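Chemist: What follows is a structure written as structure tokens; I'll ask about it next.
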């Protein structure tokens, strides 16, 4: 997984992915996978390396977007982010 | 040294007491030979209790939103739009579908203050952070919203108790039952229990400048915002009284966001 992500650089050459395999809550009632290129054009699929990074970056961007929506000032009012849990289950 | 016994319970679930005389018996030493189940067997007006997994109250949710105007207004008062699992709509359903049960109910508690009550041997008040998961609490005024209460049931304020406590309030010493039966120190102080989500946040965020992210099947994000910065537009997240808040002056809210597509998506991608 790290190897695949390592083949692309941060911001993924503008490729973005939304991965709603189950009906999502944020945003509500949307399901499916959606991909966009650097011109904001929707495309059918991403190459494996871009897709791997798109999951990571897409999930981070979603969290950032909703924090911003809720008026959390990440620049001035957040000193640290504590992360717990599991990236992937080991079952 | 006085010991402190804190705890937490799943948010939203509710417990229906018929009377508190058996509960108060836990303060007597002679109760220790019996189990709690036996001691409290005629205390409740309802044996099965609704928990967060129930989603049968869509009609009740619409009624609550209608009472205050719309979803936007309900969000401004209670920090959330109406949700089926939230306690207000669950209480309304019980009051409407089984009025005799509702009538017989002396006290309605959340799972967290139910636990506190058992440990104390007397009714404990609802904690403001856990109380924020009911669609009934004015999260900026730190008191019940009368409008929401009236929409959900007659005399509901009496049944919930007017009294609310700030998170982490010490409420008294442990009931004698636990001292005699399990050897607790009789000076052990019982601190108000809270909901599972505010409890995880409090454990990991030592100050309001920490954002907590929990990765799992669903990913959750928790953060602090001042009540004065409460977003104007409703969204599908939740705002609660922040458990870092200990008095009326520190008016801090806790943001709770839940993203359903978490580790399962990552697993499919990376395994």
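Chemist: Please verify whether residue B:194 is within 8 Å of another protein chain (Cβ to nearest Cβ) and modelled with pLDDT of 95 or more, treating the condition exactly as stated. I'd like the intermediate steps shown before the answer.
Modeler: Working: within 8 Å of another protein chain (Cβ to nearest Cβ): no; modelled with pLDDT of 95 or more: yes.
No.
Chemist: Against the condition surrounded by fewer than 17 Cβ atoms within 10 Å (Cβ to Cβ), at pLDDT below 90 and assigned to a loop (DSSP other than H, G, I, E, B), how does residue B:185 come out, does it pass?
Modeler: Values: surrounded by fewer than 17 Cβ atoms within 10 Å (Cβ to Cβ): yes; at pLDDT below 90: no; assigned to a loop (DSSP other than H, G, I, E, B): yes.
Considered against the rule, which asks whether it is surrounded by fewer than 17 Cβ atoms within 10 Å (Cβ to Cβ), at pLDDT below 90 and assigned to a loop (DSSP other than H, G, I, E, B), residue B:185 comes out as no.
Chemist: I would also like to ask the following. Kindly establish whether residue A:50 is farther than 15 Å from residue B:214 by Cβ, surrounded by 13 or more Cβ atoms within 10 Å (Cβ to Cβ) and modelled with pLDDT under 95.
Modeler: Working: farther than 15 Å from residue B:214 by Cβ: yes; surrounded by 13 or more Cβ atoms within 10 Å (Cβ to Cβ): yes; modelled with pLDDT under 95: no.
For residue A:50, the condition - farther than 15 Å from residue B:214 by Cβ, surrounded by 13 or more Cβ atoms within 10 Å (Cβ to Cβ) and modelled with pLDDT under 95 - is not met.
Chemist: Also, quick follow-up: Out of the residues in segment A:27-36 that are touching a strand residue (DSSP E or B) at 6+ places or on another chain (Cβ under 7 Å) and in a loop (DSSP other than H, G, I, E, B), which is surrounded by the most Cβ atoms within 10 Å (Cβ to Cβ)?
Modeler: The first filter runs over segment A:27-36 and keeps only residues touching a strand residue (DSSP E or B) at 6+ places or on another chain (Cβ under 7 Å), leaving A:30-36.
Restricting the remaining residues to those that are in a loop (DSSP other than H, G, I, E, B) gives A:30-31.
Working: A:30: 13, A:31: 11.
The qualifying residue surrounded by the most Cβ atoms within 10 Å (Cβ to Cβ) is A:30.
Chemist: Something else: Has segment B:88-96 got any residue that is closer than 23 Å to residue B:240 by Cβ, without any contact (Cβ under 8 Å) to a residue 40 or more places away in the chain and within 16 Å of the chain's Cα centre (by Cα)?
Modeler: The answer is no, given that none of the residues of segment B:88-96 is closer than 23 Å to residue B:240 by Cβ, without any contact (Cβ under 8 Å) to a residue 40 or more places away in the chain and within 16 Å of the chain's Cα centre (by Cα).
Chemist: Report yes if some residue within segment B:29-37 is in contact (Cβ under 8 Å) with a residue 40 or more places away in the chain and in a loop (DSSP other than H, G, I, E, B); otherwise report no.
Modeler: Filtering segment B:29-37 down to residues in contact (Cβ under 8 Å) with a residue 40 or more places away in the chain leaves B:29, B:31-32, B:36.
From what is left, the residues that are in a loop (DSSP other than H, G, I, E, B) are B:32.
Looking through segment B:29-37, at least one residue is in contact (Cβ under 8 Å) with a residue 40 or more places away in the chain and in a loop (DSSP other than H, G, I, E, B).
Chemist: Please verify whether segment A:18-26 includes one or more residues that are touching a residue at least 40 places away in the same chain (Cβ under 8 Å), more than 8 Å from every other protein chain (Cβ to nearest Cβ), part of a helix (DSSP H, G or I) and within 16 Å of the chain's Cα centre (by Cα). Let's see the steps before the verdict.
Modeler: In the first step, residues of segment A:18-26 are kept if they are touching a residue at least 40 places away in the same chain (Cβ under 8 Å); the result is A:18-19, A:26.
Then keep just the ones that are more than 8 Å from every other protein chain (Cβ to nearest Cβ); that gives A:18.
Next cut, part of a helix (DSSP H, G or I) only: none.
The answer is no; no qualifying residue exists.
This table checks each residue for (1) within 16 Å of the chain's Cα centre (by Cα); (2) within 27 Å of residue B:224 (Cβ to Cβ); (3) free of Cβ contacts under 8 Å to residues at least 24 places away in the same chain.
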residue	(1), (2), (3)
B:145	yes, yes, no
B:151	no, no, no
B:172	no, no, no
B:184	no, no, no
B:195	yes, yes, no
B:206	no, yes, yes
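Chemist: Among the candidates B:169, B:245, which residue alone is surrounded by fewer than 18 Cβ atoms within 10 Å (Cβ to Cβ) and more than 14 Å from chain A (Cβ to nearest Cβ)?
Modeler: On the way: B:245 fails: surrounded by fewer than 18 Cβ atoms within 10 Å (Cβ to Cβ).
Going through B:169, B:245 in turn, the sole match is B:169.
Chemist: Keeping to segment B:262-271, report how many residues are touching a residue at least 24 places away in the same chain (Cβ under 8 Å), within 7 Å of chain A (Cβ to nearest Cβ) and touching a strand residue (DSSP E or B) at 6+ places or on another chain (Cβ under 7 Å).
Modeler: Total satisfying the criteria: 1.
Chemist: Condition check: more than 10 Å from chain B (Cβ to nearest Cβ) and under 14 Å from the mean Cα position of the chain (by Cα). Does residue A:11 satisfy that?
Modeler: On the way: more than 10 Å from chain B (Cβ to nearest Cβ): yes; under 14 Å from the mean Cα position of the chain (by Cα): yes.
Taking the combined requirement at face value, the residue satisfies it.
Chemist: Right, next: Since residue A:52 meets every condition but one in (1) part of a helix (DSSP H, G or I); (2) over 22 Å from residue B:239 (Cα atoms); (3) facing another protein chain (nearest Cβ under 7 Å); (4) touching a strand residue (DSSP E or B) at 6+ places or on another chain (Cβ under 8 Å), which condition does it not meet?
Modeler: Result: residue A:52 passes all but (4).
Chemist: Also, quick follow-up: Among the candidates B:11, B:76, B:62, single out the residue that is farther than 20 Å from residue B:241 by Cβ and either touching a strand residue (DSSP E or B) at 6+ places or on another chain (Cβ under 9 Å) or not in a loop (DSSP other than H, G, I, E, B) (or both).
Modeler: Values: B:11 fails: farther than 20 Å from residue B:241 by Cβ; B:76 fails: farther than 20 Å from residue B:241 by Cβ.
Of B:11, B:76, B:62, the one residue that is farther than 20 Å from residue B:241 by Cβ and either touching a strand residue (DSSP E or B) at 6+ places or on another chain (Cβ under 9 Å) or not in a loop (DSSP other than H, G, I, E, B) (or both) is B:62.
Chemist: Can you report the number of residues in segment B:220-229 which are facing chain A (nearest Cβ under 7 Å) and more than 21 Å from the chain's Cα centre (by Cα)?
Modeler: To start, the set of residues in segment B:220-229 that are facing chain A (nearest Cβ under 7 Å) comprises B:221, B:223, B:225, B:229.
The next check asks that each one be more than 21 Å from the chain's Cα centre (by Cα); those that pass are B:229.
Result for segment B:220-229: 1.
Chemist: With respect to residue B:225, is the statement that it is surrounded by 20 or more Cβ atoms within 10 Å (Cβ to Cβ) and over 25 Å from residue B:74 (Cβ atoms) true?
Modeler: Details: surrounded by 20 or more Cβ atoms within 10 Å (Cβ to Cβ): yes; over 25 Å from residue B:74 (Cβ atoms): no.
Against the criterion (surrounded by 20 or more Cβ atoms within 10 Å (Cβ to Cβ) and over 25 Å from residue B:74 (Cβ atoms)), residue B:225 does not qualify.
Chemist: Of the residues B:215, B:240, B:257, only one is in contact (Cβ under 8 Å) with a residue 24 or more places away in the chain and more than 7 Å from chain A (Cβ to nearest Cβ); which? If you could, list the steps in order and put the result at the bottom.
Modeler: Values: B:215 fails: more than 7 Å from chain A (Cβ to nearest Cβ); B:257 fails: more than 7 Å from chain A (Cβ to nearest Cβ).
The match here is B:240.
Chemist: For residue A:5, indicate whether it is at pLDDT below 95, at the interface with chain B (Cβ under 10 Å from one of its Cβ atoms) and assigned to a helix (DSSP H, G or I). If you could, list the steps in order and put the result at the bottom.
Modeler: Values: at pLDDT below 95: yes; at the interface with chain B (Cβ under 10 Å from one of its Cβ atoms): yes; assigned to a helix (DSSP H, G or I): yes.
Yes; evaluated as a whole, the condition is true for this residue.
Chemist: While we're here: Could you please find all residues in segment B:167-176 being within 8 Å of residue B:192 (Cβ to Cβ) and in a loop (DSSP other than H, G, I, E, B)?
Modeler: Selection gives B:167, B:168, B:169.
Chemist: Now for a different question. Taking the criterion of being in a strand (DSSP E or B), surrounded by 19 or more Cβ atoms within 10 Å (Cβ to Cβ), within 11 Å of another protein chain (Cβ to nearest Cβ) and in contact with a helix residue (DSSP H, G or I) (Cβ under 9 Å, 6 or more places away or on another chain), would at least one residue in segment A:74-82 satisfy it? So that I can check it myself, show each step before the final result.
Modeler: At the first step, the residues of segment A:74-82 found to be in a strand (DSSP E or B) are A:80-82.
From what is left, the residues that are surrounded by 19 or more Cβ atoms within 10 Å (Cβ to Cβ) are none.
No, that holds for no residue.
The values are calculated or read from the model by the stated rules, or taken from the named source; none is laboratory data. Note that this is a predicted model, so its numbers are computed, not measured. Glycine also receives a Cβ, built like all others from the backbone with ideal geometry; neighbour counts cover every protein chain displayed.
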